[in-house]
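Note sheet for the following structure.
The values are calculated or read from the model by the stated rules, or taken from the named source; none is laboratory data. None of these values were measured; they are calculated from a predicted model. Heads up, the Cβs are rebuilt from the backbone with ideal geometry, glycines too, and the neighbour counts pull from every protein chain shown. Heads up: the accessible areas ignore ligands, DNA and RNA and are worked out on the full protein's heavy atoms, side chains in. Shrake-Rupley method; radii C 1.70, N 1.55, O 1.52, S 1.80 Å.
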Amino acid sequence: SPTASAKPWVAIGAHYDHVGFGHYGTRNSSAEGQIHHGADDNASGTAVLLQLAERLSRSQSRPARTIVFAAFSGEELGLYGSRHYVNYPPLSLSSTKAMLNLDMVGRLRDNRLTVFGTRSAKELSAIVLEEAQKLGLQISESDSVGRSDHMSFYNRKIPALHFFTGTHADYHRPSDTWEKLNIEG
């Protein structure tokens, strides 16, 4: 029988780091030294990651693939956590079927969601569009792959999706606070 590391699996990840007091990464140099809350970038992705893990653990039916949940650090500084993960994987990367990345998913507006990487595997676009229709979401597929932790997997030729609710004026500023999130979305 194949070992657990040889069985097909899917990674779902989100980065839990942010720019802290804004000494690195702030979009407003006059805000250096102020707390940059990071509610959307990326407490939103981390919260969805944890919620998915909880829901799947309580589900009566099991997914067809092993699911690995990964919370990465060092994304803001250069994808350090996800790069370390693919360099020293707990399970065989050759058995990885896909990586789903949740980065800035907290401000869903008008049921519109951007998904980067739908062309990283021929099946992904159809799967994403079908599931989105069931949820009443309008998907914007991006021809680019985007830049976040999924890139560490994509660079290893692993199909990768990045779910993203869009940019906003609070990105990397102290004003990215919880009350601006669309929790239901």
(request) Give me the distance in nm between label points sitting 7 Å out from Cα along the Cα-to-Cβ direction at residue 54 and residue 93, one decimal. (result) 3.3 nm
(request) Please report, as a whole percent, how much of the solvent-accessible surface of segment 1-149 comes from carbon and sulfur atoms (probe radius 1.4 Å). (result) 52 percent
(request) Please tell me which of these pairs span more than 23 angstrom C-alpha to C-alpha: 97/122; 97/180; 134/180? (result) 97/180; 134/180
(message) I need the helices of the chain that pass two filters: whole DSSP H segments spanning 30 Å or more by Cα along the axis, and mean Kyte-Doolittle score no lower than 1.6.
(response) none
(request) At 0.36 nm per residue, minus the direct Cα-Cα distance, what do residue 180 and residue 140 gain on full extension? Give it in nm, one decimal, please. (result) 12.2 nm
(request) Quote the relative contact order of segment 90-145 in percent (integer), defining contacts as alpha-carbon pairs under 8 Å separated by 6+ residues. (result) 40 percent
(request) Name the residue farthest towards the positive end of the dipole of segment 28-150 from the options 85, 49, 98, assuming +1 on Cβ of Lys and Arg, -1 on Cβ of Asp and Glu, about the Cα centre. (result) 98
(request) May I ask you to derive the relative contact order of the chain, considering only C-alpha pairs under 8 Å and at least 6 residues apart, and to give it as an integer percent? (result) 32 percent
(message) Can you tell me what share of the DSSP beta bridges in segment 66-164 is antiparallel? A percent to the nearest 5 is fine.
(response) 30 percent
(message) With +1 on the Cβ of every Lys and Arg and -1 on the Cβ of every Asp and Glu, and nothing else charged, how large is the dipole of the chain about its Cα centre, in debye rounded to the nearest 20?
(response) 740 debye
(message) So, for segment 24-105, what is the accessible surface per residue at a probe of 1.4 Å, expressed in square angstrom?
(response) 55 Å²
(request) Just need the relative contact order of segment 44-146 here, percent rounded to a whole number, with Cα pairs under 8 Å and 6+ apart. (result) 25 percent
(message) Just to confirm a number: summing +1 for Lys and Arg and -1 for Asp and Glu over residues other than residue 10 whose beta-carbon lies under 9 angstrom from that of residue 10, what do you get?
(response) +2
